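Some notes on the structure that comes next.
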Ligand code: AMP
Ligand code: MG
């Protein structure tokens with residue numbers, strides 16, 4: 001009997017237990033990148049708000065230049081000049097006249113096309129036009145980008161520079177977005193030394209704290225705290241209780257296996273958290289625990305840095321998608337062709353760090369055990385190796401999950 005549940009079962013339990021964040025906050029549009037829009041946005045205006053010229057040239061009536069060509073230019077009186085920003089619509093173009101007009105400037109009433117200055121003699125008082133044009137050639141219509149009242153952005157949209165530009169383009173400075181998930185991170189282990197301090201015998205520097213919190217930032221979440229805990233069940237239980245007061249999710253690393261200092265089990269028990277699952281049939285990250293305390297999900301990842309990192313990708317990203325309703329944070333799956341062999345047998349499903357490029361999948365040079373992170377550099381995916389495979393041969397079709 002193999003212990004643990006399947007990854008799919010773990011994901012289902014995670015999605016069942018993680019709550020959707022519904023509270024909203026008003027945010028400056030400039031700060032809203034990566035936030036999820038909390039209401040539909042309708043355009044309050046036509047954009048552009050007036051018909052405008054897309055070229056530098058002369059605004060005319062198409063009817064006045066119908067017969068114009070190089071040999072027989074149409075000659076029109078220049079009634080004035082309209083720059084971008086001028087109130088051009090207050091001007092009115094009479095038959096037989098032209099207005100000098102610049103890109104972005106409003107058309108004067110009566111004009112229905114703009115002739116590029118290259119197709120004229122650049123005349124100041126009178127201008128010769130060497131080309132005929134149809135009505136509405138070189139003409140930007142009022143509201144052609146978007147009309148007043150149009151649904152521009154749907155609630156639930158993840159805001160990027162494009163949406164921020166659109167919001168700014170309709171005059172918004174603030175926008176309601178969903179509150180971002182509050183995440184607190186704990187690393188555990190008496191062997192851990194914070195970077196910056198001298199390393200004593202038997203100790204190692206903490207890499208998970210940095211790796212997990214930096215990855216959270218890359219996923220758009222600024223963790224509320226990243227703290228280290230010694231291997232004490234009591235102290236960890238207390239720290240988790242405090243953290244659960246305002247965290248939607250607590251991430252821990254280390255102490256989840258079956259060793260004598262694997263304190264998460266005891267700490268969660270002392271806390272009174274409900275254990276939803278322990279152990280996934282997965283390599284790395286087999287001993288992962290999901291528990292729930294009050295309304296906070298506690299995802300306890302392996303201490304092995306690659307295990308922690310791989311399970312953060314596989315398990316936390318779906319959590320994030322559920323909390324925010326934004327599926328763009330899920331891992332994209334791609335098919336590729338294996339370059340070179342993977343020799344190891346996989347009793348359970350295995351995820352191996354790899355590099356995907358132009359349809360081929362390769363491994364980094366060096367060791368890639370769960371405790372080693374030197375080869376993480378440059379990797380952009382996890383290769384998904386099904387349970388029960390003897391190994392993978394070069395040329396085989398494989399699936400990767402993009403980081
Ligand atoms: P554990 O899950 O606590 O048994 O830890 C498994 C392995 O990961 C051990 O070799 C730990 O020393 C190592 N480890 C645990 N936490 C960290 C961390 N924050 N940074 C680097 N290595 C860690
Ligand atoms: Mg430990």
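The values are calculated or read from the model by the stated rules, or taken from the named source; none is laboratory data. The structure displayed is predicted, hence computed values, not measured ones. When we count neighbours, we look across all protein chains shown, and the Cβ atoms used for this are built from the backbone with ideal geometry, even at glycine.
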Among the candidates 263, 289, single out the residue that is within 16 Å of ligand 1 (Cβ to nearest atom), touching a residue at least 24 places away in the same chain (Cβ under 8 Å) and more than 26 Å from residue 346 (Cβ to Cβ).
263
So is residue 277 within 16 Å of ligand 2 (Cβ to nearest atom) and modelled with pLDDT of 95 or more or not?
no
Failed criterion for residue 185 (all others in (1) part of a strand (DSSP E or B); (2) more than 16 Å from ligand 2 (Cβ to nearest atom); (3) under 26 Å from residue 372 (Cα atoms) hold):
(2)
In this structure, is residue 351 surrounded by 13 or more Cβ atoms within 10 Å (Cβ to Cβ) and in a strand (DSSP E or B)?
yes
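I need the full set of residues from the range 362-386 which are surrounded by fewer than 15 Cβ atoms within 10 Å (Cβ to Cβ) and either in contact with a strand residue (DSSP E or B) (Cβ under 7 Å, 6 or more places away or on another chain) or not in a loop (DSSP other than H, G, I, E, B) (or both), in order please. Break it down into steps so the answer makes sense when it comes.
Residues of the range 362-386 surrounded by fewer than 15 Cβ atoms within 10 Å (Cβ to Cβ): 365-367, 369, 371-372, 374, 377-378, 380, 386.
If the condition is that a residue be surrounded by fewer than 15 Cβ atoms within 10 Å (Cβ to Cβ) and either in contact with a strand residue (DSSP E or B) (Cβ under 7 Å, 6 or more places away or on another chain) or not in a loop (DSSP other than H, G, I, E, B) (or both), then 374, 378, 380, 386 are the ones that fit.
Can you say whether residue 242 is in a helix (DSSP H, G or I) and surrounded by fewer than 17 Cβ atoms within 10 Å (Cβ to Cβ), as far as the supplied structure shows?
The answer is yes for residue 242.
Could you run through the range 237-264 and say how many residues are over 26 Å from the mean Cα position of the chain (by Cα) and more than 11 Å from ligand 2 (Cβ to nearest atom)?
Applying the first criterion (over 26 Å from the mean Cα position of the chain (by Cα)) to the range 237-264 yields 237-245, 254-264.
From what is left, the residues that are more than 11 Å from ligand 2 (Cβ to nearest atom) are 237-245, 258.
Residues in the range 237-264 being over 26 Å from the mean Cα position of the chain (by Cα) and more than 11 Å from ligand 2 (Cβ to nearest atom): 10 in total.
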Conditions (1) within 16 Å of ligand 2 (Cβ to nearest atom); (2) over 17 Å from residue 215 (Cα atoms); (3) within 25 Å of the chain's Cα centre (by Cα); number of the one not met by residue 336:
(1)
Can you tell me which residues in the range 57-75 are touching a helix residue (DSSP H, G or I) at 6+ places or on another chain (Cβ under 6 Å) and closer than 13 Å to residue 111 by Cα?
57
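May I ask you to list the residues in the range 244-260 that are touching a residue at least 40 places away in the same chain (Cβ under 8 Å) and more than 18 Å from residue 310 (Cβ to Cβ)?
Step one: filter the range 244-260 for residues touching a residue at least 40 places away in the same chain (Cβ under 8 Å), giving 244, 246-257.
244, 246, 247, 248, 250 - these are the residues of the range 244-260 that are touching a residue at least 40 places away in the same chain (Cβ under 8 Å) and more than 18 Å from residue 310 (Cβ to Cβ).
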Could you tell me whether residue 216 is modelled with pLDDT of 95 or more, within 16 Å of ligand 2 (Cβ to nearest atom) and surrounded by 20 or more Cβ atoms within 10 Å (Cβ to Cβ)?
no
Residues of the range 199-213 classified as surrounded by fewer than 18 Cβ atoms within 10 Å (Cβ to Cβ) and within 16 Å of ligand 2 (Cβ to nearest atom), total:
5
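Inside the range 1-95, counting only strands (runs of 3 or more DSSP E) that do not spill past its ends, which hold 1 or more residues that are in contact (Cβ under 8 Å) with a residue 24 or more places away in the chain and more than 36 Å from the chain's Cα centre (by Cα)? Walk me through it before giving the result.
On the way: elements: 24-28, 57-60, 74-82.
Fully inside the range 1-95 and qualifying: 57-60, 74-82.
Hey, could you check the range 96-126 for residues that are assigned to a loop (DSSP other than H, G, I, E, B) and free of Cβ contacts under 8 Å to residues at least 40 places away in the same chain and say which is surrounded by the most Cβ atoms within 10 Å (Cβ to Cβ)?
The residue in question is 96.
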Here's a check for you: in the range 266-283, which residue that is surrounded by fewer than 24 Cβ atoms within 10 Å (Cβ to Cβ) and within 16 Å of ligand 1 (Cβ to nearest atom) is nearest to residue 187 (Cα to Cα)?
266
